[in-house]
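Structure record follows, encoded as structure tokens.
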Amino acid sequence: MADKDYYRILGVEKGAARDEVKKAYKKLAMKYHPDRAPEDKKKEYEEKFKEINEAASVLADNKKRQQYDQFGSSAFSGAGGAGGFQGYDYSDIMSQFRSGTFGDFDDLFEHIFSRSSGGRRGVRQRRGADLGYETEITLEEVYSGAKKSISLNKLERCPDCEGKGAHEFERCHHCAGSGYIKRTQRTPFGLFQQTGPCPACQGQGASPSDRCSKCGGEGVVRKRKELEVSIPAGVEEGMRLRVRGEGEIGENGGPSGDLYVIIHVKEHKVFVRKEHDLHLTVPISFTQAALGDEIEVPTIDGKAKLKIPAGTASETIFRMNNKGLPVLDTNESGDEMVKVRIEVPKKLNKKQIELIKQLDEEKPSVSFLKKMFGG
Ligand SMILES: [Zn+2]
Ligand SMILES: [Zn+2]
């Protein structure tokens, strides 16, 4: 993925202060808000709006900005680990602009980008961290798909206080227990009556009057959790399967992170995998090669018969259609490639030696032996 220049997108200098980032974002977000797009430029405006939001979400956050300065935008793309760019819901952002729910631009800015930046009034939500888990499976499991039990040690909602951090609460005086406060405000979009979460109780309507002893008031505890993960047939070495919402729990009701199960495939003692095909080598005798035969070869799920035509050279490869591995998310399969190797006996008894000598005297023995030994 090409590196995005977030500074250029927002038109700010590399060392720009957060306030400058905010200012630049405001200007651009108002300019490119999809609601203001001319009919023929809807798509373009929307893309631009997303780009601006992505850039601001990184540059407004010290930690992410540091990562970005060091690693570029690739640090935030893909299904990366903790701290990655966390898929903002742009339609949500757009509708907040539209409805003026956050009458005050500062509030809006902080609301959108506070998941990690802090300093916002009201409830600060934060998405839980992503977790990674490595698991090893056999080639047979690649063939059939598998269920794996996974044991995670992760942050979960405290069962004692149900994540509230306390057992006793008293009604918030600031908002009279409603959790909301109404304000009328002048905004970039006109005059709005705004209802926002009460800053005193963070929208809870009540404040804790004790502290949960189990979680120390954090509302979360580290706990072992058993999980069964389905691994689809056809996965490959190094693949990462995302299990949505099985990462660590978010803060203040923020969404949970995701779990990434990293697949390792054990080496097989018979088959070598090449993409979806399975390769193996089987020994045959020189009589089988010379005269032809039907042999039994192992497959990933059992056995299959393979016809060896008369006069087969050593190292000949036979393809057995659809006896390979399934192709992920399709009904297709790879093939099994069987290489035959003619085994020349190391020890011969007297009779066998005699027979071979006789064979050698026969005409056209040269081509016959050539066939036998693949020479
Ligand atoms: Zn607790
Ligand atoms: Zn309150």
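So here's what we get for this one:
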{"read-out": "Condition broken by Glu228, with the remaining ones in (1) buried (at least 16 other Cβ atoms within 10 Å of the Cβ); (2) touching a strand residue (DSSP E or B) at 6+ places or on another chain (Cβ under 8 Å) satisfied", "value": "(1)"}
{"read-out": "Residue list for the range 188-207, filter: within 16 Å of ligand 1 (Cβ to nearest atom) and at pLDDT below 80", "value": "Gln204"}
{"read-out": "Some residue of the range 30-39 being touching a residue at least 40 places away in the same chain (Cβ under 8 Å) and crowded, with 16+ Cβ neighbours inside 10 Å", "value": "yes"}
{"read-out": "Test set (1) over 38 Å from the mean Cα position of the chain (by Cα); (2) on the phi > 0 side of the Ramachandran plot - Gly179 fails condition number", "value": "(1)"}
{"read-out": "The range 146-175: number of residues that are assigned to a strand (DSSP E or B) and either at positive phi or within 16 Å of ligand 2 (Cβ to nearest atom) (or both)", "value": "3"}
{"read-out": "Cβ-Cβ under 7 Å pairs, at least 6 apart or on other chains, the range 198-216 side free of Cβ contacts under 8 Å to residues at least 40 places away in the same chain and closer than 30 Å to Arg183 by Cβ, far side within 14 Å of ligand 1 (Cβ to nearest atom) and open to solvent by 20 Å² or more (accessible area, probe 1.4 Å)", "value": "Ala206/Phe169; Ser207/Phe169"}
{"read-out": "Search result, residues across the range 208-263 that are within 16 Å of ligand 1 (Cβ to nearest atom) and among the aliphatic types (A, V, I, L, M)", "value": "Val220, Val221, Ile249"}
{"read-out": "Filter pass, Ala79 being modelled with pLDDT of 80 or more, in a loop (DSSP other than H, G, I, E, B) and either within 21 Å of the chain's Cα centre (by Cα) or of a type in the set (Asp, Glu) (or both)", "value": "no"}
{"read-out": "Identity of the residue in the range 1-14, open to solvent by 70 Å² or more (accessible area, probe 1.4 Å) and farther than 13 Å from Tyr68 by Cβ, that ends up modelled with the highest pLDDT", "value": "Glu13"}
{"read-out": "Search result, residues across the range 168-187 that are in contact with a Pro (Cβ under 8 Å, 6 or more places away or on another chain) and either in contact (Cβ under 8 Å) with a residue 60 or more places away in the chain or within 16 Å of ligand 1 (Cβ to nearest atom) (or both)", "value": "Glu168, Phe169"}
{"read-out": "The range 248-277, residues that are crowded, with 19+ Cβ neighbours inside 10 Å and in contact with a helix residue (DSSP H, G or I) (Cβ under 8 Å, 6 or more places away or on another chain)", "value": "Phe271, Arg273"}
{"read-out": "Complete set of residues in the range 329-364 that are under 30 Å from Ser230 (Cβ atoms), touching a Pro at 6+ places or on another chain (Cβ under 9 Å) and open to solvent by 60 Å² or more (accessible area, probe 1.4 Å)", "value": "Asp329, Glu332"}
{"read-out": "Filter result for Ala206 (within 16 Å of ligand 2 (Cβ to nearest atom) and open to solvent by less than 30 Å² (accessible area, probe 1.4 Å))", "value": "yes"}
{"read-out": "Ser178 being among the polar types (S, T, N, Q), farther than 30 Å from Val327 by Cβ and within 16 Å of ligand 2 (Cβ to nearest atom)", "value": "yes"}
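The values are calculated or read from the model by the stated rules, or taken from the named source; none is laboratory data. What you see is a predicted model, and the numbers here were worked out from it, not measured in a lab. Positions of Cβ are backbone-derived with ideal geometry, glycine not excepted, and every protein chain shown enters the neighbour counts. Accessible surface is based on the protein model in full, side chains and every heavy atom, while ligands, DNA and RNA are left aside. Shrake-Rupley method; radii C 1.70, N 1.55, O 1.52, S 1.80 Å.
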